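What follows is a structure written as structure tokens; I'll ask about it next.
The values are calculated or read from the model by the stated rules, or taken from the named source; none is laboratory data. Treat the numbers as computed from the prediction; the structure is a model and nothing was measured. Positions of Cβ are backbone-derived with ideal geometry, glycine not excepted, and every protein chain shown enters the neighbour counts. Please note that ligands, DNA and RNA were not included when accessible areas were found on the heavy atoms of the full protein model with its side chains. Shrake-Rupley method; radii C 1.70, N 1.55, O 1.52, S 1.80 Å.
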Amino acid sequence: MTNTIRKKIGKEELILESGRMAKQADGAVTVQYGGTIVLVTAVYSKEIKEGADFFPLTVEYQEKTYAAGKIPGGFFKREGRPSEKEILTARLIDRPIRPLFLKGFLNEVQIMGMVLSSDGENDSDILAMIGGSASIHISEIPFIGPIGAVRVGRAGEDFIVNPTHTEIENSDLNLVVAGSKDGIIMLEGGANEIDEAVVLKAIDFARPYIEEIIQMQEELRGICGKEKIIPEIKGIDEGLVKKVEELSIAKLKEINTLGTKEQREEAMEILRKEVAQRLKSENPEVLDEDIKRAFVDVERQEVRRMLLETGSRVDGRRYNEIRPITCEVGVLPRTHGSGLFTRGQTQSLSTTTLGTSQDEQLIDALEGETFKSFMLHYNFPPFSVGEVAPVRGPGRREIGHGALAERALRPIMPSKEEFPYTIRVVSDILESNGSSSMATVCAGTLSLMDAGVPIKRPVTGIAMGLIKEQKKTIILTDISGLEDHFGDMDFKVTGTENGITAIQMDLKIDGIGTELIFRILEESKPARLFVLEKILQTIREPKSEISEYAPRIVTINVNPEKIRDLIGPGGKTIKKIIEETGVTIDIEDGGKVLVASNNEEASAKAIEIIRSITAEAEVGKVYAGKIKRITNFGAFCEILPGKEGLIHISEISDRFVKNIEDFIKVGDEVKVKVIEIDEMGRVNLSLKQAQD
């Protein structure tokens with residue numbers, strides 16, 4: 001039996017349907033908005049995952065090319081490894097629902113979203129988020145949800161719910177808001193330097209729609225929902241926790257006063273082993289994993305107690321204090337631009353590389369092919385946290401952090417008309433103790449300015465944290481790794497002195513109100529401006545010249561009708577210029593020709609050839625030409641490549657001309673003057689007037 005719930009959300013009807021597809025999954029829902037449909041399923045294992053010390057939730061999201069009426073490229077003609085969009089959407093589904101599973105529920109759960117139909121205008125990511133929540137909610141899997149999610153854009157001063165791709169392109173805001181019945185649980189978005197108050201208004205605008213979407217899922221569950229199981233909860237033995245606390249608390253307090261992360265981690269590891277040995281000697285049957293979980297719980301409680309009761313953080317800072325910052329530029333001699341940003345024990349080395357339009361990234365998405373001329377890539381090698389681990393391709397965390405930093409910097413990048421380069425920024429995290437993505441934003445700003453990229457304004461970022469108990473709420477500025485791990489929130493904000501460019505909030509609790517979000521944004525602004533001042537003390541504006549090792553791009557505007565002459569038959573002419581000079585030549589719409597080279601002489605030679613090929617004859621101008629043909633009424637002279645003009649017999653000499661060959665012959669190089677270009681484009685030349 002098919003069960004359907006419909007409600008108009010914004011311009012389109014949102015349709016939730018269950019009971020028609022994927023009936024063997026524990027929960028399966030199709031979500032439709034416009035002509036875009038996503039199927040999302042939820043399945044769980046019936047047994048606890050052995051050895052799991054965290055909730056084993058996996059989320060997959062796939063965009064089927066058939067959804068847009070396309071066949072995949074490549075040899076195999078089928079979908080392959082996940083694209084960046086698929087990875088980021090899987091993260092969007094995961095982040096708001098993960099906090100809403102019961103603590104200690106360690107059965108494996110897999111959420112899988114598949115795009116079945118794409119209309120090219122309505123994005124499937126929001127539908128996948130809703131479907132992820134709905135599929136769990138109607139299943140027997142224990143869940144404290146559901147959640148609702150919408151995207152908010154803006155046209156002028158008016159907010160738009162679930163804007164189309166076209167509307168987003170013209171919007172200064174692209175904010176995904178997810179919430180539970182208890183409040184906002186996730187934020188993700190970019191903005192074009194907007195004020196904090198606008199972000200708050202956008203969240204308030206989203207809230208009623210989120211509530212409606214939550215109500216739709218409740219109605220669907222009322223029709224076809226399964227009875228929730230009573231799960232086996234892998235709790236922590238309170239007696240064991242108490243024993244661990246007795247054996248470790250005094251030493252824990254001392255360790256938390258040590259100055260560096262390395263000192264604390266080394267001392268903590270020694271203490272763990274001592275406690276484990278003591279407990280094992282008293283009770284050999286106690287499991288190592290239980291001791292470990294109890295120890296982590298005691299450590300968590302002590303870190304939070306210290307923050308709530310003493311007003312001091314593990315590293316001794318005040319709640320709103322930022323760790324020491326150092327900034328450097330030009331640290332790598334042969335890169336086009338480089339910046340080293342260090343904040344406490346987090347360090348990002350950022351490089352900027354300039355390329356031509358041939359270096360642009362082709363994005364083949366359901367909506368069609370697009371090109372990216374600005375890319376930011378984030379790498380997190382294991383040595384940055386003092387670990388040994390295999391080095392493979394970028395994981396979901398690296399993709400997510402890189403996308404956030406790229407979103408943060410994109411609004412301040414110059415247009416292609418201003419700066420016709422493809423720009424790649426790479427952030428290598430050399431040390432990490434909290435908020436390496438925000439360090440990436442700051443280091444990226446340094447390297448862009450060092451490379452001479454004319455960015456509009458510097459961008460900085462800060463990560464805010466939260467400790468929320470029943471009687472007290474603490475906001476932390478510039479959170480460390482330990483505060484992120486044991487805290488309730490990771491709230492990242494980036495922006496310029498003019499406003500916010502990106503925002504990302506993840507919670508470990510079941511939602512917070514807009515009043516608290518306002519307080520967090522309010523406290524983040526002076527922190528961002530403090531970091532900005534540190535950057536401006538190092539480099540105040542982009543360098544006026546790009547690196548000597550970067551390609552110089554010269555733009556030549558030519559008559560679009562002459563482009564075919566430049567290309568030549570089968571590309572023969574342009575290929576010959578490239579082979580002779582070694583330059584890169586790009587041709588854009590409207591007759592723009594871009595010549596790029598590291599060699600100034602080669603560039604000048606190529607430009608001269610291009611100009612000679614695409615030049616047009618001008619009346620009154622003298623040209624060096626070559627006689628090609630002689631007739632009884634005059635001679636034809638080539639004045640530009642492929643462009644001939646007629647020297648009439650009367651324009652050859654002031655003297656009487658009986659035989660033209662007495663004055664000029666085929667192959668002679670002569671100076672001629674253009675005296676007329678008629679309506680048909682025919683050029684008339686004068687040999688005698690050129691001698692005046």
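Need one number: the % of Cα-Cα pairs in the chain sitting beyond the 33 Å mark.
60
Moving to a separate point now. Per the 1.4 Å probe, what fraction of the accessible area of the chain, in percent, lies on carbon and sulfur atoms?
49
Test of understanding: what is the full-extension gain from ARG457 to ARG392, defined as 0.36 nm times their sequence separation minus their Cα-Cα distance?
19.9 nm
For n ≥ 4 DSSP H runs only, could you compute -39500 (n - 2.57) per run for the chain, divide by its residues and tell me the 222 nm figure to the nearest 500?
It comes out at -10000 deg cm²/dmol, rounded to the nearest 500.
Any idea how far apart LYS11 and GLN24 come out in nm if each label point goes 7 Å out from Cα toward Cβ?
4.1
Grab the other residues whose beta carbon is less than 13 angstrom from that of GLY113, score K and R as +1, D and E as -1, and report the net.
Every neighbour counted, the sum reads -3.
Let me ask you something else. Roughly how tilted is helix 84-97, in degrees to the nearest 10 and between 0 and 90, from the longest Cα axis of the chain?
20
Moving to a separate point now. Quote the charge dipole size of the range 426-498 about the Cα centre in Debye, to the nearest 20; the model charges only the Cβ of Lys and Arg (+1) and of Asp and Glu (-1).
The dipole of the range 426-498 has a size of about 320 debye.
Quick one: work out the % antiparallel among DSSP beta bridges in the range 556-692, nearest 5.
Close to 95 percent.
If you keep only loop residues by DSSP, which trypsin sites (Lys or Arg not before Pro) in the range 324-400 have at most 16 other Cβ atoms within 10 Å of their Cβ?
Those that pass, being in a loop and sparsely packed, are ARG334, ARG392.
Here's a follow-up. Return one number: the angle in degrees, 0 to 90 and rounded to the nearest 10, between the long axis of the Cα atoms of helix 396-409 and the longest principal axis of the Cα atoms of the chain.
Tilt relative to the chain: about 60 degrees.
Cβ neighbours within 10 Å, averaged per peptide: list 267-278, 134-145, 160-171 in order, most packed at the top.
134-145, 160-171, 267-278
Now for a separate question. What dipole magnitude, in Debye to the nearest 20, does the range 1-83 give about its Cα centre under +1 on Lys/Arg Cβ and -1 on Asp/Glu Cβ?
Its charge dipole is roughly 440 debye.
By how many nm would the segment from ARG300 to ASN283 grow when fully extended, if each residue of separation counts as 0.36 nm and the alpha-carbon distance is taken off?
3.7 nm
Sticking with this one: Among THR58, GLN358, ALA206, whose Cα lies farthest out toward the positive end of the dipole of the chain, if unit charges sit on the beta carbon of Lys, Arg (+1) and Asp, Glu (-1)?
The residue sitting most towards the positive pole is GLN358.
Radius of gyration and Dmax for the range 327-439's Cα atoms, expressed in Å?
15.1, 46
Just to check I understand the Karplus step: with θ = phi - 60° and J = 6.51 cos²θ - 1.76 cosθ + 1.60, what whole-Hz values come out for the range 180-197, glycine and proline as x?
Once θ is set to phi - 60°, the couplings for the range 180-197 become 9, 5, 9, x, 6, 10, 7, 10, 7, x, x, 8, 9, 6, 9, 6, 4, 5 Hz.
Also: Could you give the length gained on full extension between GLU669 and PHE656, defined as 0.36 nm per residue of separation minus the Cα-Cα distance, in nm?
2.5 nm
Still on this structure: How long is the range 464-510 along each principal axis, judged by its Cα atoms, biggest number first, in Å?
Cα spread of the range 464-510 along its principal axes, largest to smallest: 36, 21, 18 Å.
Between GLU60 and residues 5 or more places away or on another chain, which pairs have amide H atoms under 5 Å apart, with H built 1.01 Å from N, and which residues are they?
ILE111, MET112, GLY113
State, as an integer percentage, the relative contact order of the range 455-591 based on alpha-carbon contacts under 8 Å between residues 6 or more apart.
19
Something else about it: Cα-Cα over 23 Å: which of LYS621/LYS688; LYS243/LYS508; LYS103/LYS201; LYS85/LYS456; LYS46/LYS280; LYS234/LYS261?
Over 23 Å apart, Cα to Cα: LYS243/LYS508; LYS103/LYS201; LYS85/LYS456; LYS46/LYS280; LYS234/LYS261.
Using only the alpha-carbon atoms, how far is helix 288-305 inclined from the longest principal axis of the chain? Give it as 0 to 90 degrees, nearest 10.
Its long axis makes an angle of about 80 degrees.
Percent of Cα-Cα pairs per 5 Å bin, from 0 to the last occupied bin, for the range 86-185, please list those.
2, 12, 22, 21, 19, 12, 7, 4, 2, 0
State in Å² the accessible area per residue of the range 423-563; use a 1.4 Å probe, count heavy atoms of protein chains only, and round to the nearest integer.
It amounts to 36 Å² per residue over the range 423-563.
Let me ask another. Along the charge dipole of the chain, Cβ charges K/R +1 and D/E -1, which of ILE609, LEU430, GLY513 sits furthest on the positive end?
After comparing all options, I get ILE609.
Roughly how many debye, to the nearest 20, is the charge dipole of the chain about its Cα centre, given +1 on each Lys and Arg Cβ, -1 on each Asp and Glu Cβ, and no other charges?
Dipole of the chain, to the nearest 20 debye: 420 debye.
At what distance in nm do the modelled label points of ILE144 and LYS103 sit from each other, each positioned 7 Å from its Cα along Cα→Cβ?
About 0.8 nm separates the two model spin labels.
If you don't mind, another one. If you wrap a convex hull around the Cα atoms of the range 541-584, how much volume per residue is inside, in Å³?
Per residue, the Cα convex hull of the range 541-584 comes to 97 Å³.
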